[in-house]
Amino acid sequence: MITVSRSHWGPGAVALFLALFLTVFLVIPVAKVIYVAFQDPNTGALTLINFIDFFNTSLFRESFVNSFYVAALSVVVASAFALPLAYFTTRFNFSGAILIQTLGVIPLIMPPFVGAVAMVLLFGQNGTINLLLDEYLGFTIPFMEGLNGVIFVESVHYFPFILINLSAALNNIDRSMEEAAQNLGASRGRLFRRIVFPLAMPGYVAGASLVFLKVFDDLGTPLLLNINNMLAPQAYLRITSIGIGDPMGYVISVILVTFSLLALWTSFLALRGKEYATVQKGGGGLMKRDLAGWEKAGCYAVVILILLLVLSPHIALTLLSFGTVWSFSPLPDAYTVQHYVDVVSTSSIYITNTLLYAGLAAGIDVVFGTAIAYVVWRTGLPGRKMLDYLAMGAVAIPGVVLGIGYLRTFYQFDVPFIDKPLASWWVIIVIALAIRRLPYALRACVAALQQVSVMLEEAAENLGATKSRTVRRVVVPLMTGGIVAGFVTSFATASVELSATIMLVSQESDAPLAYGIYEFMQSAAGRGPGAALGIIAVLIIGIATYLSHRIVNNKETERAPRQQSAAQGV
Amino acid sequence: MSLNQPSGGGVAVTVENLSLSFGKTEVLKGVNLEIRPGELFTFLGPSGSGKSTLLRSIAGFGPQPGGRILIDGEDIAGLAPWDRNVGMVFQSYALWPHMTVRKNVAFGLEERKVPAREIRERVEAALDLVGLVAYGDRRPSQLSGGQQQRVALARTIVVEPRVLLLDEPLSNLDANLRVQMRREIHDLQRKLNLTTIFVTHDQEEANTISDRMAVLDQGVIQQTGAPLELYDNPANRFVASFLGTANMLEGRVERADGRPWFVADAGFRLPMADGFSPGGERVTAMARPQNLTIGAPGDATGDGRLEGQVEVLEFLGTIVRYAVKVGGTSLLVDETHRAGRPVFQLGDRVSLGVDAEDIRLLPA
Amino acid sequence: MKRKDFLRAVSGALAALAVSALPAFAADLEGKLVIVTSYPPDTTVTIKKAFEAAHPGVEVEMLKKKTTAGIKFLQETAKNNTSDMFWASAPDAFEVLKADGLLAKYQVKVQGIPEKVGAFPINDPDGYYKGFAASGYGIMWNTRYLKAKKLPVPKTWAELADPVYFGHVGMSAPSRSGTTHLTVETILQGMGWEKGWGLMKSISGNFKTVTERSFGVPDGVNSGQFGLGIVIDFFGLSSQASGFPVDFLYPPITTLVPANIAIVKNAPHPKAAAAFIEFLLSAKGQEVLLDPKIRRLPVNPETYAKAPAGFPNPFKDKSIGAAVKFDLDKSKGRYNVVNSLFDVLVTYRLSDLQDAVKAIHDAKAKAKAKGKSNAEAAKLIAEAEALVAKMPITEEEAGKKDVNAIFKKKRKKADTKITGRQAEVEQQWDKEAKANYTKAKELAKKAAGML
């Protein structure tokens, strides 16, 4: 173990700065929210009365149950989407596996509430599907009725979290693990149940718990679907319609945070000691099997059905963006490009804001993520683990709670020179996004750092490079792939965030895309342009994501021979 | 069959005209093999020679090969891996991290629907056999490399497979442990009298452990036989050099002075044992370095004598290895080292000797 | 991101910020105008463009907030005010701000605006806020939807309570939408507290959904998710103008209320704010209201000459909005209580309410079909209807200051003592409502069983 020495003052200062940043922008705002929840609204004294009120009110109890129900069922439905896609593409020789994996991630880069609007048009009581069903078969299916709609929209939006994690886990299983079981007599079904599934479990649980968390604290979707009796909408409604002084909003926030942390903790317990490093020397991923003709047809049918389902928001949004009037009919009455013309001429500010905010936030995330990863894994600073927990803890803080906390904390704080409260300066949006996405970037950076051997660093130091120069010249370049991956994840998901931004946007010129779309969707003539803006958003984020993937891949292939020779040397 | 009693001979494994391609690359090109019951047979070859692919074909992994694989006379080529009852130990051991040692070992028996009580007994017996009874409740990650290797072995033999397949089982162990495990595997194999196929790229490992072995290169079996036989009488240049250091000279056989001579392209000739008749075609002469003698000019003993100059000198402990420049080539000579014996120095003029019977002729 | 690029991006952003903060000295007006508004971009962008064309150099910034959120926003930021104007429909929202002392007085210079529209004074008699357009509340419907489902067009609020509309009506909640609050108040004032709530709840029993935003209602009608919506007129008119197969009418019990604009106290850009009001009330500004995307009733009678055919003209058609004399003080006095009552009794208990109303519908339909009258069953049905209609507090109580104080969120001073907490009160109402709805359902089922 490295001890704190004089050569560690640099990392120490960096760690201190990071801790300060997290304290100011994560701990204090959340603590303020928690504090108010325990304050008597009339006297200001500390009390538990607000929580008693919460659990005595049947509406809140119902909201609580509904939030749980929706989050749990969303995990189930999302798993139903993700499992076949992950399984087929990692285990069978399947043409278009890469395309399927890419298309499967697209739902993430659309704000979920936009998906909600689009899905109502397709699957609603009088949407395309039900109108057709009713006309030809005489019955309808309540896809979008009540909580069903929330579950449907959320699982379509968030299932990629399971797909990505599960595919990675499946790909990481050493082929010989599977062969050993076959060799000992386990055939397909039992092989999957006894070996493949347990080994992929950590990946699945990681994805599933993320879905649970995100659904549990999502605000936009239930609001757009007019579902009020869930926790996040209740918190938002209480704060915006009753006021920042109403304690119930804070109580709900505390309950949201508590249960998010509990969900995280549960998944942590479930995974403890099971983070199998199954990649071993000579292991080459899962065995891929060729499919017989009818099997192939069946798999394609399932894959295409799922892709159609999960891409239905994009399909509907595209129709909406080109449609003139779409009312009580399976398809729009006519098509036009006018909405795009309108949007491009009036709304470029949303696009530039989004690129600026999400870009800055993702930039902050990877810089901080790299720094935290380094401090935690490569130094012996006392309390360094706390930094990791703190940054990861942000994943359990719902956007609404962070938004409320910022309003509460930074309204009294004026930014020098621009003479505005910090809470209404656009930079606060960037900070909120950065804090919210930091956990993603941090995990990517940690993974990247763990692949860089300490020996490579020692070699640099041995040749006279100082700590900071070693980090800059050896560690960071070797981490590039992971850092870019972290940047992409943060950027893409920050671009579509609404929960925190809706509370923090104080003027239209500061608004990002998601907010702009939300606003467009508030008027009769705005649906088409709103949809057009949504499609543009998906395209821009999609292209940005694709480009950064290309950069990563180029870097990786560039580095591949070097790594190989290093591996041979071992 | 029980683990503690020899199983009376094991079964024969026959491979007939086995060929296999990965895409356009031919990995096995018509392999024929006859492995006798109870034998410990080794596939030896460099990486990419097809030895692991051949083993995996026997276990039923990888693409479906052409040709036949017979175990005890039964063609298993079309069977799924789980229906073959051949036990395989993987290079990486492939112990399942989510199961304890005991669970790992019990797996195959559970798949075979063996009654629970019997499973318990047989698992304990297998663990006892590899000396790991005390470790049954550990997870694989809590074991050392050698212990993992033993668990992998126990897991495979507990199901009493017809054939035991070992895919480079020692490559992940350090040098000392490798020697020890090699003996253990050998003893175990003898005890169980189980037909065993062992894959390795290490000729020392192959020599020490095998009853017989097959040397593979580029998807073709180069030669099959007992280790000593292959070392002394390699069938071709590849086998000769893969099994040990060899001097190889190109040239042809001519008859002169009433006996056959090997006339090297390098510009000298060596006497050959009678029975070699000159065919005029180009051949390779092979002589192991330890079969050459070295001495001061004129001193070396042997049927053939050559004069040269010491070019390289390596002290290897038990031997001193010289590279001696002779004519247009360089020959390696090993001399057993004894304290006090003079060692030639770089640049020294020396004489080399070799007996006619130590020279082997190989195809060019 | 490369470090250099990053620095360039940051310095660029800083430069842009510095420029936007610089005042532009044009026509004596400040270079900027910040308006807190509840209006959608269709309205704000069109008017903003027209205004900026008329006053080059002034950059208008629209802060879109729901009316209720806008009030909260101005209250929360009062200490550190950055907004110039508040621009929204509901006059009672302005009353709340006026009462909190957050508005500045302004004397309009433009001539030709009448005193009243319908029964309502256009401007605040105290001079704090000005009406710039009139709005009435009514019913909009999707013509394709009604045709497909063979539903008649309802002409009055009461007709919306008819069983045929079960599951076809949408409305927003008054706590979420200032205009919806006015609709509810209009019905309450037009029909009286008890009867008004009774009707409100009967209609609510037919709800498909209570939308979270006021625009959720026209949105649902436009897309055909439900057939009828209770909306403010311009939602219906502008949807129609945008090409949707929808129509709109004013029922007799409605009120025309001016949509208003006011200057916020301590506005940072008062001159630009004044110019905005003058522009909005000028002939040019009033004409902008007829834009198909906006479609609001101008307060200047002259402007109607330029309106499209069939456009309602309250200055000519005296039937619109004349029936109810809207009492603003009354509305203001119970603003939060009405919001809360609606949420507790309707929004969050919608499924219980629907069940009860459905059971009553079924029982009545059965009685009608059988053609015989069963006195006991009729009594049970009447009892069930009374239970549904039952209110936890009387009109008098709802107007009481101390009751309303419970719903005032802000402690003015740390030692202000209020008895009762909102959550506690609501919890009590909710319990009663749930019991009543459940009981009503049981009674109606029982009645149906007797028939």
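The values are calculated or read from the model by the stated rules, or taken from the named source; none is laboratory data. As the structure is a prediction and not an experimental result, all values here were calculated from the model. Cβ sites come from the backbone with ideal geometry, for glycine too, and all protein chains shown count toward neighbours. Note: areas computed on protein heavy atoms with side chains; ligands, DNA, RNA excluded. Shrake-Rupley method; radii C 1.70, N 1.55, O 1.52, S 1.80 Å.
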Kindly check whether there is at least one residue in region B:350-362 that is open to solvent by 20 Å² or more (accessible area, probe 1.4 Å) and more than 23 Å from B:D257 (Cα to Cα). no
Condition first: surrounded by 24 or more Cβ atoms within 10 Å (Cβ to Cβ) and either outside any loop (DSSP other than H, G, I, E, B) or in contact with a Cys (Cβ under 7 Å, 6 or more places away or on another chain) (or both). Now tell me which residues in region C:347-362 satisfy that. C:T347, C:L353, C:A356, C:V357, C:A359, C:I360
Name the residue, out of A:F81, A:F38, that is in the same structural domain as A:I306 (by TED's automatic domain parsing), in contact with a Leu (Cβ under 9 Å, 6 or more places away or on another chain) and not hydroxyl-bearing (S, T, Y). A:F81
Residue pairs within 9 Å by beta carbon, gap of at least six or interchain, first lying in region A:190-201 and free of Cβ contacts under 8 Å to residues at least 12 places away in the same chain, second assigned to a helix (DSSP H, G or I) and open to solvent by 30 Å² or more (accessible area, probe 1.4 Å), listed first then second, are A:R190/B:W82; A:F192/A:Y87; A:F197/A:Y204
In region C:63-72, residue surrounded by the most Cβ atoms within 10 Å (Cβ to Cβ) [restricted to those that are at the interface with chain A (Cβ under 8 Å from one of its Cβ atoms) and of a type in the set (A, V, I, L, M, F, W, C)]: C:L63
Where the second residue is open to solvent by 10 Å² or more (accessible area, probe 1.4 Å) and among the hydroxyl-bearing types (S, T, Y) and the first is farther than 22 Å from C:N300 by Cα and lies in region C:236-262, which pairs have Cβ atoms under 7 Å and are six or more apart or on separate chains? C:G243/A:T324; C:P245/C:T143; C:V246/C:T143; C:D247/C:T143; C:P251/C:T156; C:P252/C:T156
Within the set of pairs 6+ apart or on separate chains, which have a first residue in region A:466-479 that is over 11 Å from A:A371 (Cα atoms) and of a type in the set (D, E, K, R), a second that is part of a helix (DSSP H, G or I) and open to solvent by less than 60 Å² (accessible area, probe 1.4 Å), and C-beta atoms under 8 Å apart? A:K467/A:H8; A:K467/A:G10; A:K467/A:P11; A:R469/A:A460; A:R473/A:A460
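What residue, of B:A256, B:A273, B:A339, B:A246, is of a type in the set (A, V, I, L, M) and surrounded by 19 or more Cβ atoms within 10 Å (Cβ to Cβ)?
Result of the check over B:A256, B:A273, B:A339, B:A246: B:A246.
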Restricted to region C:243-281, and to residues that are open to solvent by 30 Å² or more (accessible area, probe 1.4 Å) and more than 21 Å from the chain's Cα centre (by Cα), which residue is modelled with the lowest pLDDT? C:G243
Working carefully through the options A:I227, A:I255, A:I244, find the one that is modelled with pLDDT of 80 or more, more than 19 Å from the chain's Cα centre (by Cα), closer than 30 Å to A:G149 by Cα and not in a helix (DSSP H, G or I). A:I227
The residue that is farthest from the other protein chains (Cβ to nearest Cβ), considering only those in region A:123-144 that are of a type in the set (A, V, I, L, M), over 17 Å from C:G227 (Cα atoms) and within 31 Å of the chain's Cα centre (by Cα), is A:I141
Using beta carbons and a limit of 6 Å, which pairs, at least six apart or on different chains, have the first residue in region B:104-124 and modelled with pLDDT of 90 or more and the second one open to solvent by 60 Å² or more (accessible area, probe 1.4 Å)? B:V123/B:R102
Between B:T224, B:T208, which is surrounded by fewer than 19 Cβ atoms within 10 Å (Cβ to Cβ), part of a strand (DSSP E or B) and under 12 Å from the mean Cα position of the chain (by Cα)? B:T224
Do we find that C:A369 is outside any loop (DSSP other than H, G, I, E, B) and modelled with pLDDT under 90 in this structure? yes
If you take the residues of region B:284-314 that are within 15 Å of B:P271 (Cβ to Cβ) and in contact (Cβ under 8 Å) with a residue 60 or more places away in the chain, which of them is farthest from the chain's Cα centre (by Cα)? B:T293
Condition set among the hydroxyl-bearing types (S, T, Y) and in a helix (DSSP H, G or I), scope region A:342-371, selection farthest from A:F21 (Cα to Cα): answer is A:S345
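Does region C:321-340 hold any residues that are outside any loop (DSSP other than H, G, I, E, B), small (G, A, S) and more than 10 Å from C:Q189 (Cβ to Cβ), and which are they?
C:G333, C:S340
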Which one of A:T370, A:T352 is among the polar types (S, T, N, Q), open to solvent by 10 Å² or more (accessible area, probe 1.4 Å) and touching a residue at least 12 places away in the same chain (Cβ under 8 Å)? A:T370
Checking B:G317 against (1) within 26 Å of the chain's Cα centre (by Cα); (2) open to solvent by 50 Å² or more (accessible area, probe 1.4 Å), only one condition comes out false. Which one? (2)
Which ranges mark the strands (runs of 3 or more DSSP E) fully within region B:1-113 that have 3 or more residues being more than 30 Å from A:P198 (Cβ to Cβ) and open to solvent by less than 10 Å² (accessible area, probe 1.4 Å)? B:13-22, B:25-35, B:40-44
Scanning region C:314-342 for residues that are more than 21 Å from the chain's Cα centre (by Cα) and modelled with pLDDT of 80 or more, the one most open to solvent (accessible area, probe 1.4 Å) turns out to be C:K316
Based on what the data block shows, is B:T301 in contact with a Gly (Cβ under 6 Å, 6 or more places away or on another chain) and polar (S, T, N, Q)? yes
Which members of region C:126-152 meet the condition of being assigned to a strand (DSSP E or B), away from chain A (no Cβ under 11 Å) and not hydrophobic (A, V, I, L, M, F, W, C)? C:Y129, C:K130, C:G131, C:S135, C:Y137, C:G138
Scope region B:120-141; condition open to solvent by less than 30 Å² (accessible area, probe 1.4 Å) and part of a loop (DSSP other than H, G, I, E, B); matching residues: B:V130, B:L132, B:G136
Positions within region C:67-107 being part of a loop (DSSP other than H, G, I, E, B) and in contact with a strand residue (DSSP E or B) (Cβ under 9 Å, 6 or more places away or on another chain), in sequence order: C:N81, C:T82, C:S83, C:D84, C:S89, C:A90, C:L102, C:K105, C:Y106
Given the criteria of a type in the set (D, E, K, R), at pLDDT 85 or above and either open to solvent by 10 Å² or more (accessible area, probe 1.4 Å) or touching a strand residue (DSSP E or B) at 6+ places or on another chain (Cβ under 8 Å) (or both), does A:R408 qualify? no
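Take region A:95-120 and flag every residue that is open to solvent by less than 10 Å² (accessible area, probe 1.4 Å), not β-branched (V, I, T) and not in a loop (DSSP other than H, G, I, E, B).
A:P107, A:F113, A:G115, A:A116, A:A118, A:M119
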